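First comes the structure, then the notes that go with it.
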Amino acid sequence: MKILGIDTATEILNLAIINNGKLVVDYKVQKEGKTHSAIILPTLKCILNLTGIELKNLDGIAVSIGPGSFTGLRIGLATAKGLAFSLSLPIVGINSLDCCALTRRVLPGILCPMIKARGEEYYFALYGNNKNSGNLDILRTYQCQKWLKIKEELLKFKETIYVFGPGVEDIIKNEKNSHSCGVDNIYFISEEKNYANALTIALMGEKKILENQSDDISNLIPFYINKSAAERP
């Protein structure tokens, strides 16, 4: 089963293709002033040429639905839905924070994935490993807050907490400047600048498709926690 994963939740455009759970290609592009809409289809054509895979060979599409970049998510989802509709393929929307948490599920503590939002705010949620099911449980649902508010929430827990994800470098820098980085039970994991998750999105999408849990293409929309700038008064 060949699954195309699309991640446009951040400044990085990331496309990946897996075949029966194994990586075929994982391709990241830094926008550098260009919009996702200008590069997503040329990038897709490039990786198809590199791998020799044709669109008709795909068995499904998985796409990040947010939270994340308002414009980026719309572009990624519109592309995924267009491909799924034209090729009659199943489509799966993957929550960006769920995906981010899954990449660090082996860590022995509470997981706090974060994605940079507007201004000084961050999207985040808290996850814990369920020893019985082997899955991740959501301990605090999806929110958007400034770091100081998030930190207040984290300090309510006695367990070790790992903070990671795109944008966490800014927090690490601020914490170091305030001489409080790594205090108490909070540990930061610095991410590479080209952080993106299309591979994990594809793997999560494959699992859902195999379990007949694909989404209704007409009802699949971006997951926004906050309103966009255009919608705010």
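The values are calculated or read from the model by the stated rules, or taken from the named source; none is laboratory data. Owing to the predicted nature of the structure, the values given are computational and were not obtained by experimental measurement. A quick note on method: Cβ atoms are made from the backbone with ideal geometry, for glycine too, and the neighbour counts reach across all protein chains shown.
Values as computed for the structure displayed
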read-out	value
Subset of the stretch 99-113 [outside any loop (DSSP other than H, G, I, E, B) and over 18 Å from Asp7 (Cβ atoms)]	Ile110, Leu111, Cys112
Residue within the stretch 159-172 that is closer than 18 Å to Phe223 by Cα and either touching a Gly at 6+ places or on another chain (Cβ under 8 Å) or not in a loop (DSSP other than H, G, I, E, B) (or both) present	no
Only one of Leu102, Leu77 that is at pLDDT 95 or above and buried (at least 19 other Cβ atoms within 10 Å of the Cβ)	Leu77
Test result for Ser64, within 26 Å of Ser218 (Cα to Cα), touching a Cys at 6+ places or on another chain (Cβ under 8 Å) and of a type outside the set (A, V, I, L, M, F, W, C)	yes
Options Ile201, Ile217: the member that is surrounded by 15 or more Cβ atoms within 10 Å (Cβ to Cβ), at pLDDT 95 or above and assigned to a helix (DSSP H, G or I)	Ile201
Residues of the stretch 144-158 that turn out to be in contact (Cβ under 8 Å) with a residue 40 or more places away in the chain and either part of a loop (DSSP other than H, G, I, E, B) or among the β-branched types (Val, Ile, Thr) (or both), as a count	1
